[in-house]
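Asks: Before I ask anything, here is the structure I am working with.
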Amino acid sequence: MHRSKVRVATDVLDANDTIARANRADFDRAGVRVINLMSAPGAGKTALLERVLMDGIGEVRVGVLEGDVQGSLDAERLSALHVPVTQINTDPGFGGECHLDANMVRSALGAIALDELDLLVIENVGNLVCPAEFRVGEDRRAMVSSVTEGEDKPLKYPLMFRACELVLVNKIDLLAHLDFSLERFLANLDQVNPGVRHMLVSARTGEGVDGFARWLVDAA
Amino acid sequence: MHELALSRSIRDTALAHADGRSVLCVEVTVGALRQVVPRSLEFYFEVLSRGTACEGARLQLRLAPARLRCECGQEWELREPAFRCPLCAGAAVTVLSGEELTVDSIEVEEETCTAAR
């Protein structure tokens, strides 16, 4: 017996990224642009989507792929708006994955009529760490950070804040009731992802949501 | 907790390259900018390796520091998440290292050939 060394030099996420590219090729073939929408649990991803889809985004045909560890509560909320919604649960029995990966999205593709869509929004599992690591075949990544989470979040979760090209700062209707310093949050955000685009929104009052709607139309 | 998924991928990558041989060590580089907890990787790897050719293999983690370069020429090692240049405050900054997450190599046990010449 003797030891020998084998060179591997393979990215740990290589298998995921290969499937993500296959997803992307399918989306491209169908002419669908894809947004990966991420945030912490309770930041307001579903509420923002509800608000923006309620008002409609012009002629753009939107579908939602809803990722949750368990249940279909969010999918039911969005279905009420007569938008095609597909649910993925990451829980195979007990204890689900904390993020969507490319293969989970791939397994749901058969259930989505891509030819009838211009834009697919993938609402990722609520989590500020893991989803940032896994490409799923998206064109663009956006995240929601709500003011109730505190202004230090970009510094604590830099990978997520750097992974996105749009940061939606949600729940600004609550600013008057909180110690949250918007100025400090934006300074922290600029430290972590200099020059990244942000929008101040309230899913509850609808303030600023038109900007998000325009961004989605541009993305489609 | 995505370390579970990453450990599974590390194990599968090692098994694919081991080609049936027993794996003694897996060398992995983890960049400082990845939100990966080394101890979690080790823990999951140990559990996921049981019953495979990776069972008992050592996971050797090399941590790659985060190094950035600004277009002004300044180069520095990042110790806190402040990605603007400390010299000119510019944002045109390139990440030189720190984003790695790779299986570099594996060490395997070779059967010594004892067949008659």
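Asks: So which residues in region A:140-166 are within 14 Å of chain B (Cβ to nearest Cβ) and either among the basic types (Lys, Arg) or over 17 Å from A:Ala187 (Cα atoms) (or both)?
Replies: Residues satisfying the conditions are A:Lys153, A:Lys156, A:Arg162, A:Ala163.
Asks: Check whether at least one residue in region B:27-36 is within 24 Å of A:Arg3 (Cβ to Cβ), touching a residue at least 12 places away in the same chain (Cβ under 8 Å), surrounded by 14 or more Cβ atoms within 10 Å (Cβ to Cβ) and among the acidic types (Asp, Glu), and report yes or no.
Replies: Yes, the conditions are met somewhere in region B:27-36.
Asks: State yes or no: is A:Ala203 of a type in the set (A, V, I, L, M), over 15 Å from the mean Cα position of the chain (by Cα) and under 15 Å from A:Lys45 (Cβ atoms)?
Replies: Yes.
Asks: While we're looking at this one, here's another question. For region B:58-86, what are the residues that are part of a loop (DSSP other than H, G, I, E, B) and under 15 Å from the mean Cα position of the chain (by Cα)?
Replies: Within region B:58-86, B:Pro65, B:Ala66 qualify.
Asks: Would you list the helices (runs of 4 or more DSSP H) that sit entirely within region A:1-107 and hold 2 or more residues that are within 14 Å of another protein chain (Cβ to nearest Cβ) and among the small types (Gly, Ala, Ser)?
Replies: Result: A:14-30.
Asks: Looking at this structure, is B:Gly20 without any contact (Cβ under 8 Å) to a residue 12 or more places away in the chain and either of a type in the set (Gly, Ala, Ser) or in a loop (DSSP other than H, G, I, E, B) (or both)?
Replies: So B:Gly20 fails the test.
Conditions (1) touching a residue at least 40 places away in the same chain (Cβ under 8 Å); (2) more than 28 Å from A:Asp55 (Cβ to Cβ), marked per residue:
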residue	(1), (2)
A:Gly126	yes, no
A:Val169	no, no
A:Leu175	no, no
A:Glu183	no, yes
A:Leu186	no, no
A:Gly195	no, yes
A:Val217	yes, no
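Asks: Right, next: Among the residues of region A:32-47, are any of a type in the set (Val, Ile, Thr), surrounded by fewer than 20 Cβ atoms within 10 Å (Cβ to Cβ), under 28 Å from A:Asp173 (Cα atoms) and touching a residue at least 24 places away in the same chain (Cβ under 8 Å)?
Replies: Within region A:32-47, the first condition is being of a type in the set (Val, Ile, Thr), and the residues that meet it are A:32, A:34-35, A:46.
Those still in the list that are surrounded by fewer than 20 Cβ atoms within 10 Å (Cβ to Cβ) too: none.
For region A:32-47, residues of a type in the set (Val, Ile, Thr), surrounded by fewer than 20 Cβ atoms within 10 Å (Cβ to Cβ), under 28 Å from A:Asp173 (Cα atoms) and touching a residue at least 24 places away in the same chain (Cβ under 8 Å): absent.
Asks: When residues of region A:63-74 are filtered for being among the hydrophobic types (A, V, I, L, M, F, W, C), surrounded by fewer than 21 Cβ atoms within 10 Å (Cβ to Cβ) and touching a strand residue (DSSP E or B) at 6+ places or on another chain (Cβ under 8 Å), how many remain?
Replies: Final tally of qualifying residues: 1.
Asks: Any residue at all in region B:55-63 that's more than 11 Å from chain A (Cβ to nearest Cβ) and buried (at least 21 other Cβ atoms within 10 Å of the Cβ)?
Replies: For region B:55-63, residues more than 11 Å from chain A (Cβ to nearest Cβ) and buried (at least 21 other Cβ atoms within 10 Å of the Cβ): present.
Read-outs: derived from the displayed coordinates by stated rules, not from any lab. Predicted, not measured: the structure shown is a model, and the values here were computed from it. Backbone-built Cβ (ideal geometry, glycine too); neighbour counts: all protein chains shown.
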